[in-house]
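Have a look at the structure below, then the notes.
The values are calculated or read from the model by the stated rules, or taken from the named source; none is laboratory data. Worth saying up front: this structure is predicted, and the values here are computed from it rather than measured. Here the Cβ positions follow ideal geometry from the backbone for every residue, glycine too, while neighbour counts run over all protein chains shown. Accessible surface areas use protein heavy atoms only, side chains included; no ligands, DNA or RNA. Shrake-Rupley method; radii C 1.70, N 1.55, O 1.52, S 1.80 Å.
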Amino acid sequence: MSSSSANKVPVVVFDSPQAAAKALAAEFSELIRSRASEGKTAVLGLATGSTPLPFYAELIRLHKEEELSFQNVVTFNLDEYAGLPREHKESYWHFMHSNLFDHVDILAENIHLPSGTVTEAEIPTHCAEYEQAIVDAGGLDFQILGIGRTGHIGFNEPGSPKNSLTRAIELDQITREDAAPAFDGIENVPTSAITMGCGTILTARKIVLMAWGENKAAIVKEAVQGPVNDIVSASFLQEHDDARFFLDTPAASAL
Ligand code: PGA
């Protein structure tokens with residue numbers, strides 16, 4: 001644990017993203033195996049972006065080399081871009097399948113992501129059903145998060161209330177700029193998304209936010225040491241009783 005007394009949420013600093021990913025995957029593996037031994041499911045909240053890639057690589061390794069089965073795993077992803085069909089190469093559906101689901105033995109019916117293609121009229125019902133599906137599954141056991149340079153968790157951009165639920169949200173300009181290279185230009189980046197709310201995320205029994213690299217250092221400091229408010233939605237994690245930040249040394253450099 002980092003010793004800075006200014007930190008208002010537990011911080012663990014690792015030598016590399018791979019070391020952090022290994023430690024986190026070990027925690028997931030323990031949860032999945034202990035639930036399986038009781039004949040129960042493990043309900044995991046998953047994230048997209050470049051940050052969780054080493055974590056997913058380690059989960060795949062555990063599946064292939066250490067017999068970790070995902071047959072009792074139920075997943076809920078944080079968000080999806082509005083307007084992107086599943087087969088779009090930048091959809092989070094596609095991301096999750098190519099970076100994790102296609103390589104493990106998870107059951108298709110246990111995978112949940114918000115839809116990028118529901119009509120505007122259908123969005124409120126779709127979001128309410130997503131919330132209900134999480135409740136029906138028994139709630140989120142363990143949620144992983146990245147953090148955007150706006151401080152967002154999921155796509156909860158500045159101004160997202162602490163009690164917000166799954167809903168449509170307009171993407172911040174900074175978020176769209178960060179996504180522009182993947183979309184070959186900002187004009188191709190969707191302008192909105194469906195995201196779990198801050199309130200949805202905070203219902204998870206255990207949360208780990210991961211961040212790597214120096215370009216996250218300033219926003220990590222805001223989230224870990226700054227005031228709790230909706231300008232930086234990750235700051236709400238300070239008020240959760242089992243949330244931790246897993247950082248590499250550059251991401252922790254401003255603490
Ligand atoms: P990144 O995105 O993992 O690609 O840095 C994080 C986020 O926006 O939540």
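Lys/Arg Cβ at +1, Asp/Glu Cβ at -1, dipole of the chain taken about the Cα centre: which of SER50, MET210, HIS126 is farthest positive-ward?
Positive-end residue among those listed: MET210.
What shape does the range 109-255 take by its C-alpha gyration tensor, where a ≥ b ≥ c are the square roots of the eigenvalues and a/c under 1.5 counts as rounded, a/b above b/c as prolate, and the rest as oblate?
Judged from the Cα gyration tensor, the range 109-255 comes out oblate (a/c at least 1.5, b/c at or above a/b).
Starting from the Cα gyration tensor of the range 11-248, take the square roots of the eigenvalues, sort them a ≥ b ≥ c, and report rounded, prolate or oblate (rounded when a/c is under 1.5, otherwise prolate if a/b is larger than b/c, else oblate).
Working: a/c = 1.35, a/b = 1.15, b/c = 1.18.
It comes out rounded by the Cα gyration axes.
When a/c reaches 1.5 or more, the comparison of a/b and b/c decides; with that in mind, is the range 150-227 rounded, prolate or oblate per its Cα gyration tensor?
oblate
Short version: ³J(HN,Hα) in whole Hz for each residue of the range 167-177, in order, from phi by Karplus 6.51 cos²θ - 1.76 cosθ + 1.60 (θ = phi - 60°), x for Gly and Pro, what are they?
For the range 167-177, the Karplus-derived couplings read 6, 7, 9, 7, 7, 5, 4, 4, 4, 5, 5 Hz, x marking Gly and Pro.
What residues have an amide H closer than 5 Å to that of PHE14, excluding those fewer than 5 places away on the same chain, when H is modeled at 1.01 Å from N in the peptide plane?
For PHE14, the qualifying residues are LEU247, ASP248, THR249.
Can you grab the distance from the C-alpha centre of the range 72-127 to the C-alpha centre of the range 161-196, Å, no decimals?
15 Å
Determine, from the Cβ-Cβ distance of SER5 and ASN229 and an R0 of 30 Å, the FRET efficiency 1/(1 + (r/R0)^6), rounded to the nearest 0.05.
On the way: r = 21 Å, r/R0 = 0.70.
Efficiency, from the Cβ-Cβ distance: 0.90.
Taking all protein chains as present, what is the carbon and sulfur share of the accessible area of the chain, in % to the nearest whole number, probe 1.4 Å?
Roughly 52 percent, rounded to a whole number.
Going by average Cβ neighbours within 10 Å, how do the peptides 43-53, 82-92, 211-221 rank, with the highest at the top?
The most tightly packed comes first, giving 43-53, 211-221, 82-92.
Need the full-extension length gain, ASP136 to LYS162, defined as separation in residues times 0.36 nm minus the C-alpha distance. One decimal, nm. Please list the in-between numbers first.
Numbers: separation 26, 0.36 × 26 = 9.36 nm, distance 2.22 nm.
That pair, ASP136 and LYS162, stretches by 7.1 nm at full extension.
How many percent of DSSP beta bridges within the range 11-248 run antiparallel, rounded to 5?
Antiparallel bridges make up about 25 percent of those DSSP assigns within the range 11-248.
Give the long-range amide H neighbours of ASN77: residues separated by 5 or more places, or on another chain, with amide H under 5 Å away, using H modelled in the peptide plane at 1.01 Å from N.
LEU46, HIS112, LEU113
Extension gain SER50-GLU30, at 0.36 nm per residue separation less the Cα-Cα distance, in nm?
4.8 nm
Could you give the size of the charge dipole of the chain about its Cα centre, using +1 on the Cβ of each K and R and -1 on the Cβ of each D and E, expressed in debye and rounded to the nearest 20?
That gives a dipole near 600 debye.
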